[in-house]
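Only one structure is covered here, and it is reproduced in the block below.
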Amino acid sequence: MQILDGKIVSTAVKERVKEQTTLLRSSGKKTPHLAAILVGTDGGSETYVASKVKSCEEIGFASTLLRLDATIPESTLIEAIEKLNADDDVDGILVQLPLPKHISEEKIINLIHPGKDVDGFHPNSVGKMVQGLPTFIPATPYGILMMLEHYQVETKGKHAVVIGRSNIVGRPISILLNRNTYPGNCTVTVCHSHTHNLKELCLQADIIVAALGKPGFLTADMVKENAVVIDVGITRVPDVTKKSGFAIKGDVDFEHVAPKCSFITPVPGGVGLMTIAALLTNTYNACVSKFEHQTALNS
Ligand code: NAD
């Protein structure tokens, strides 16, 4: 059994982006700039946004964190996004989800300029991804692809079972694993809360992506020998032994599933770290493609 180590892969990806950013700056081009918007003070969202901003600083990006009160009207958030869309120095915009109930996530996502959509949630990006065209790939699925590639996990012809069909993880990773490229060329079964015979389907899987948000859901009796298991789940469960008062749990019963696997991601230390590395890669690409576009226009 081999651990797919998010720390090793994310460090390598971040180092590469950092080197490229240094080259960009030394050649007089602009510094990549990520703008993050946080609405409200949800503990999990605060942590995610803080680590995204910190990672930007570590690799030499510029970053802006815009904090807005949970009670703001939707129009205030719309104005903030329009301002960032128009700001030439900003390459990537991310709005931390979930948003308060009175704000339409769909409307807000659709408003982000597709060229700055580093989360890859805009319908423009999703459409291109489905068609296999170059675009921003949502950070978590992109991070999973990076891991599979780093460890050269064979995917061609494999049966992948994806548990979960959300727009941010389950659906995009199912599309990506099905692409005619590497990592991809899987035969994909997408499962969700209405799926019958989930256990039987999982037992047929060469690759399982667990992205449902139920700690320890995937147990050893659902996994065949030598399967590849990708655990996307991140759930905070109360734990008095931790200073924070909670522990982070994945969707996989790691202790019992791991011995059966050829490859498995741990939680923490797996997919979560890759998500940030992928987001930074998207932001770097947004910056570079803007510059190339301007160069093309000038020539
Ligand atoms: P979501 O709630 O939007 O979607 C969950 C999906 O799981 C749904 O499609 C639902 O149909 C399916 N599901 C629920 N119960 C099921 C069951 N019993 N059997 C089969 N399918 C079932 O969640 P999400 O946003 O996709 O996130 C899933 C998990 O991944 C969460 O724990 C979340 O915190 C985590 N997550 C991690 C990262 C990361 O960086 N590692 C990023 C995003 C989300």
message: Taking a ≥ b ≥ c as the square roots of the Cα gyration tensor eigenvalues, with a/c under 1.5 meaning rounded and otherwise prolate when a/b beats b/c, else oblate, which class fits the range 222-291?
response: oblate
- prompt: Between the DSSP loop rule and a limit of at most 15 other Cβ atoms within 10 Å, which trypsin sites (Lys or Arg not before Pro) in the range 193-265 are left?
  reply: Lys224, Lys242, Lys243
message: If you wrap a convex hull around the alpha carbons of the range 29-113, what volume per residue comes out, as a whole number of Å³?
response: 77 Å³
GNM flexibility winner over the chain from Pro266, Pro134, Pro32 (Cα, springs under 10 Å): Pro134
- request: Tabulate in residue order the Karplus-calculated ³J(HN,Hα) for the range 75-91, using 6.51 cos²θ - 1.76 cosθ + 1.60 with θ = phi - 60°, rounded to whole Hz; enter x for Gly and Pro.
  value: 4, 5, 5, 4, 4, 4, 5, 4, 5, 5, 4, 7, 7, 5, 7, 8, 9
- line: With Cα coordinates, the longest principal axis of the chain makes an angle with the long axis of helix 139-150, in degrees rounded to 10, of 60 degrees
- prompt: Given the Cα atoms of the range 139-272, and with Rh set as the inverse mean 1/r over their pairs in the Kirkwood sense, what is Rg to Rh to two decimals?
  reply: 0.96
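Contour minus end-to-end for Thr11 and Arg179, with contour as 0.36 nm per residue of separation and end-to-end as the Cα-Cα distance?
Details: separation 168, 0.36 × 168 = 60.48 nm, distance 2.65 nm.
57.8 nm is the gain from fully extending Thr11 to Arg179.
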field: the range 26-78: C-alpha gyration tensor shape, a/c 1.5 cut-off, then a/b vs b/c
entry: oblate
message: Please give the Cα centre distance for the range 18-84 versus the range 120-168, rounded to the nearest Å.
response: 23 Å
task: Enter the accessible area of Ile8 (Å², nearest 10), with the probe set to 1.4 Å and all protein chains included.
output: 90 Å²
message: Of the candidates Ala205, Ala258, Ala247, which one comes out as most mobile in a Gaussian network treatment of the chain with C-alpha springs shorter than 10 Å?
response: Ala247
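Give me the percent of accessible area attributable to carbon and sulfur for the chain, probe 1.4 angstrom. Walk me through the numbers on the way to the answer.
On the way: 7810 of 14520 Å².
Accessible surface attributable to carbon and sulfur in the chain totals 54 percent.
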query: the range 35-136: which trypsin sites (Lys or Arg not before Pro) are DSSP loop and have at most 16 other beta-carbon atoms within 10 angstrom?
result: Lys101
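Kirkwood-based Rg over Rh for the range 195-257 (C-alpha set), two decimals? Let's see the in-between values first.
On the way: Rg = 13.0 Å, Rh = 12.4 Å.
Result: Rg/Rh = 1.05.
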- line: antiparallel share of DSSP beta bridges within the chain, to nearest 5, in %, is 10 percent
message: Using a Förster radius of 51 Å, what is the FRET efficiency between Gln152 and Asp88 based on their Cβ-Cβ separation? Nearest 0.05, please.
response: 0.80
message: Taking the 0 to 90 degree range and rounding to the nearest ten, how far is the long axis of helix 271-298 tilted relative to the main principal axis of the chain, both from C-alpha atoms?
response: 40 degrees
message: At 222 nm, what value in deg cm²/dmol follows for the chain if DSSP H runs of at least 4 each add -39500 (n - 2.57) and the sum is divided by all its residues, to the nearest 500?
response: -13000 deg cm²/dmol
- line: Taking every alpha carbon pair in the chain and sorting the distances into 10 angstrom bins from 0 up to the bin holding the longest one, the percent per bin comes out as 6, 27, 34, 24, 8, 1, 0
- prompt: Hey, in the GNM for the chain with a 10 angstrom Cα cutoff, which one of Asp87, Asp239, Asp117 fluctuates hardest?
  reply: Asp239
query: So for the pair Lys199, Ala220, with labels modelled 7 Å out along Cα→Cβ, what separation do we get in nm?
result: 1.5 nm
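The values are calculated or read from the model by the stated rules, or taken from the named source; none is laboratory data. Since this is a predicted model, take the numbers as computed values, not measurements. Every residue, glycine among them, receives a Cβ derived from its backbone with ideal geometry; neighbour counts consider all protein chains shown. Surface accessibility is based on the protein's heavy atoms, side chains included, excluding ligands, DNA and RNA. Shrake-Rupley method; radii C 1.70, N 1.55, O 1.52, S 1.80 Å.
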